[in-house]
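J.: Here you go, one structure.
The values are calculated or read from the model by the stated rules, or taken from the named source; none is laboratory data. Only a predicted model underlies this, so the values are computations on that prediction, with no experimental measurement involved. Cβ placement follows ideal geometry from the backbone for every residue including glycine, while neighbour counts extend to all protein chains displayed. Quick note on the areas: whole protein, heavy atoms, side chains included, nothing else; ligands and nucleic acids left out. Shrake-Rupley method; radii C 1.70, N 1.55, O 1.52, S 1.80 Å.
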Amino acid sequence: MSDEKTLFERIIDREVPADIVHETDTTLAFRDISPQAATHVLVVPKSRYRNVAELAAADPGLLADVVGTAATVAEREGLGDGYRVVFNTGADAGQTVFHVHAHVLGGEQLGHFGRYHQ
Ligand code: 5GP
């Protein structure tokens, strides 16, 4: 893996500004710069793994921390009517930052998901 920091490591290290909504010892949650729903927060582990499968294999407890932080964010953001947690994995899914992150989406009725539509 490259020694160069990922964008999200730079946010974790406060080198790149972000609208941080929650932090734990092991995770950070901040608003997506290009929100795809009324509420769109990213949750990242402070240790870098390329995707959710690598995180699950290497450190299942840390994956549980990420999901737990997603649930805390959903509660704090008032998403009691429901929300979606998405881990894009690989190019076909549109993953652009290769530091695993959960998208927490909600705050309105969400559309269905799946095939690409223009
Ligand atoms: P992916 O496409 O890899 O699943 O998700 C990456 C997400 O990071 C995208 O939703 C994108 O909008 C978000 N993003 C990209 N650059 C920045 C940034 O500088 N700050 C924040 N807060 N989000 C970013």
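J.: Among Ala29, Ala18, Ala56, which is open to solvent by less than 50 Å² (accessible area, probe 1.4 Å), more than 9 Å from the ligand (Cβ to nearest atom), at pLDDT 95 or above and not in a helix (DSSP H, G or I)? Before the answer, list the steps.
T.: On the way: Ala18 fails: more than 9 Å from the ligand (Cβ to nearest atom); Ala56 fails: not in a helix (DSSP H, G or I).
Unique residue meeting the criteria: Ala29.
J.: What are the residue pairs meeting all of these: first residue in the stretch 79-96, first residue small (Gly, Ala, Ser), second residue near the ligand (Cβ under 9 Å from one of its atoms), Cβ atoms under 6 Å, and 6 or more apart or on different chains?
T.: As it stands, the answer is Gly94/Asn88, since those pairs meet every condition given.
J.: From Arg48, Arg10, Arg84, grab the single residue that is modelled with pLDDT of 95 or more and part of a loop (DSSP other than H, G, I, E, B).
T.: None of the other options fit; the residue is Arg48.
J.: Here's something else I'd like to know. Can you find even one residue in the stretch 5-15 that is among the polar types (S, T, N, Q), more than 22 Å from Arg84 (Cβ to Cβ) and within 12 Å of the ligand (Cβ to nearest atom)?
T.: yes
J.: Scan the stretch 32-53 residue by residue and report those that are surrounded by 15 or more Cβ atoms within 10 Å (Cβ to Cβ), among the small types (Gly, Ala, Ser) and within 13 Å of the ligand (Cβ to nearest atom). If you could, list the steps in order and put the result at the bottom.
T.: First, the residues of the stretch 32-53 that are surrounded by 15 or more Cβ atoms within 10 Å (Cβ to Cβ): 32, 37, 39-52.
Filter once more, so that each one left must be among the small types (Gly, Ala, Ser): 37, 47.
Within the stretch 32-53, Ala37 is the sole residue that qualifies.
J.: Next question. So Ala71 fits all but one of (1) open to solvent by 40 Å² or more (accessible area, probe 1.4 Å); (2) touching a helix residue (DSSP H, G or I) at 6+ places or on another chain (Cβ under 6 Å); what number is the exception?
T.: Every condition holds for Ala71 apart from (2).
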